[in-house]
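What follows is calculated from the coordinates using simple rules that are stated; it is not laboratory data. Everything numeric in this text was worked out from a predicted model, so none of it was measured. All Cβ positions, glycine included, derive from the backbone under ideal geometry; neighbour counts span all protein chains shown.
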Amino acid sequence: MKSKRPSDPLNLIFQIVSLLIGLGIGLYQIYVTDKNSSVQALIIFGITVGVIILAFTVAWISSKYKEVRDELRYNRSKMEEVHKQLDQEKRLNNMEKEISVLKALMSKGKRGVIDPRIIIIVVLLILLYLYLKSIGLIN
């Protein structure tokens, strides 16, 4: 149904930079500084680890959101296609019903043609009305 799309390049850069910063600070904190390092350095190290964890969590949620959004768009397009097909089938069914009604009417001998005399009478009545209006008998 859905294909796995390649990872977002910005997401890949974000992950690499976050890991490098976290590893750099972590390795420096563990191996280079002495055991009596300042409280400020330990707090910054803890905050950095927390921010990296938060950042990866946000990136994971964002990627899941994008996957769900893409799947919803795909499903919406499929639903629209199915809806169009159903509309076409409904129209075909209606046309078949109309054709069957016309066939039934034609089998009874009714042609569905208006008698030309009725059309001529309507035209004559319209002309009479226009004549009477032009001579002033009708306002």
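Tabulated results
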quantity: Length added when fully stretched, Arg117-Val17, from 0.36 nm per residue minus Cα-Cα; calculated: 27.0 nm
quantity: Per-pair calculated FRET efficiency, R0 = 30 Å: Ser77 and Val51 via Cβ, rounded to 0.05; calculated: 0.20
quantity: Dipole-positive endmost among Ile43, Val122, Thr57 within the chain (Cβ charges, Cα centre); calculated: Val122
quantity: FRET efficiency estimate (nearest 0.05) - Cβ-Cβ, Leu105 to Leu125, R0 25 angstrom; calculated: 0.30
quantity: Structure-based [θ]222 nm, the chain - -39500 (n - 2.57) summed over DSSP H runs of at least 4, per residue, nearest 500; calculated: -28500 deg cm²/dmol
quantity: The chain, dipole about Cα centre (Lys/Arg Cβ +1, Asp/Glu Cβ -1), debye to the nearest 20; calculated: 880
